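**Student:** What follows is a structure written as structure tokens; I'll ask about it next.
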């Protein structure tokens, strides 16, 4: 099953936005396990990209849906982006300083190593907060709410989870 919006020039704006938002939710749910696993720093980056795309689509579609249920979903999409921000920023800093260390004279390594230890400690704490937040999102049933409002396309599996 394709999870891309199949739009035509005849698709009404709000119908198209419903499909697009569902597709962005699908991508978000698909990427979250990669961010939680933490095996590759790109997992967090991919979730942030997916959440930013979701937010952008939701920003455009505000007038299409009832504010009563749409606002909380829109707010939650923004919170997901923010929750991953600290981890992503620290990942980028660690990567940059690790590269810097490789290109520095050996006498500078101890200072860079201390900085890396601090950054990695901060990243570990940020990852714990991120994982806790994402668990909370799951417990609150956001995926099921997205499915209810935007259809099966808005879930990871395309079916109820």
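Quick note: the coordinates plus some simple rules give every number you see, no bench work behind them. Not measured: the values here are computed from a predicted model. Every residue, glycine as well, gets a Cβ built from its backbone with ideal geometry; the counts of neighbours run over all protein chains shown.
**Student:** Which of the peptides 100-109, 140-149, 50-59 is most tightly packed, and how do the rest follow, judged by the mean count of other Cβ atoms within 10 Å per residue?
**Tutor:** In decreasing order of mean packing, 100-109, 140-149, 50-59 become 50-59, 140-149, 100-109.
**Student:** If I model segment 1-87 as equal point scatterers sitting on the Cα atoms and use the Debye formula, what is log10 I(q)/I(0) at q = 0.21 Å⁻¹?
**Tutor:** The Cα Debye sum returns log10 ratios of -0.98.
**Student:** While we're looking at this one, here's another question. Taking 8 Å as the Cα distance limit and 6 or more residues as the minimum spacing, I'd like the relative contact order of segment 1-51 as a percentage.
**Tutor:** Reported relative contact order: 29 percent.
**Student:** What FRET efficiency comes out for the pair residue 152/residue 12, r = Cβ-Cβ distance, R0 = 22 Å, nearest 0.05?
**Tutor:** Approximately 0.65, to the nearest 0.05.
**Student:** Defining a contact as two alpha carbons under 8 Å apart and six or more residues distant in sequence, what relative contact order in percent does segment 13-153 show?
**Tutor:** Over segment 13-153, the number comes to 29 percent.
**Student:** Cα axis of helix 13-37 to longest principal axis of the chain: angle in degrees, 0 to 90, nearest 10?
**Tutor:** Here the helix axis deviates by roughly 30 degrees.
**Student:** Can you give me the angle between helix 67-102 and the longest principal axis of the chain, using Cα atoms only, in degrees from 0 to 90, rounded to the nearest 10?
**Tutor:** So the helix axis and the longest Cα principal axis differ by about 20 degrees.
**Student:** Still on this structure, please answer the following. If you build the Cα gyration tensor of segment 81-150 and take the root of 5 times each eigenvalue, what three semi-axes come out, in whole angstrom, biggest first?
**Tutor:** 37, 11, 6
**Student:** How do 26, 156 rank when sorted from fewest to most other Cβ atoms within 10 Å of their own Cβ?
**Tutor:** Lowest count first: 156, 26.
**Student:** Here is a further query. How do 114, 73, 7 rank when sorted from fewest to most other Cβ atoms within 10 Å of their own Cβ?
**Tutor:** 114, 7, 73
**Student:** For the chain, what is the convex hull volume of the alpha-carbon atoms per residue, in Å³?
**Tutor:** In the chain, the Cα convex hull volume per residue is 124 Å³.
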